[in-house]
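Just so it is clear, none of the values below were taken in a lab; they were calculated from the coordinates. Not measured: the values here are computed from a predicted model. Cβ placement follows ideal geometry from the backbone for every residue including glycine, while neighbour counts extend to all protein chains displayed.
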Amino acid sequence: MATISGKQLAEAMAGVPKWQRKGKVIRRTYEFKGLPEAIQFVNAVAKAAEKAWHHPDIDIRSNKVTLALTTHDEGGLTAKDFALAAKADALERKGNGRRKA
């Protein structure tokens, strides 16, 4: 899968507006009510990542989960990264670990 850049990259970023890009990585931190909800979300993301055969870097800090995505084999960002980012956002909206009010 080829890396994306330029206009394609801008369009892909617009599709996941809560994510931030730094170089060849996109990243987002999610905040949950507590650790159990954070772990529930991580487990849901792990299942989606296994199904897509694309694995994020995951950092868990109490009730916060940070996902970082890049396609290591391609040396940059690909459509796989943005598809998994969108899936993670959908899992959050679905209620896999509600956010703090």
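In table form, for the structure just shown:
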item: Cross-link pairs beyond the 28 Å C-alpha cut-off, checked among Lys7/Lys64; Lys22/Lys80; Lys7/Lys94; Lys7/Lys33; result: Lys7/Lys64; Lys7/Lys94; Lys7/Lys33
item: Helix 79-94 vs. the chain, principal-axis angle (Cα, 0 to 90°, nearest 10); result: 20 degrees
item: Helix-only CD estimate at 222 nm, as mean residue ellipticity for the chain, using -39500 (n - 2.57) per DSSP H run (n ≥ 4); result: -14000 deg cm²/dmol
item: Which of Val45, Val25, Val65 has the fewest Cβ neighbours within 10 Å, and the rest in rising order; result: Val25, Val45, Val65
item: Compactness index (Cα Rg / 2.2 N^0.38 Å), the chain; result: 1.04
item: Rg over Rh [alpha-carbon atoms, Kirkwood Rh] for segment 1-48; result: 1.09
item: Net charge contributed by nearby residues that have their C-beta within less than 12 Å of Ala14 (K/R +1, D/E -1); result: +2
item: Extension gain (nm, one decimal) between Ala90 and Ala68, 0.36 nm per residue minus Cα-Cα; result: 6.3 nm
item: Label point at Glu31 placed 7 Å out along Cα→Cβ; residues across segment 58-77 whose backbone nitrogen lies under 14 Å; result: 61-66
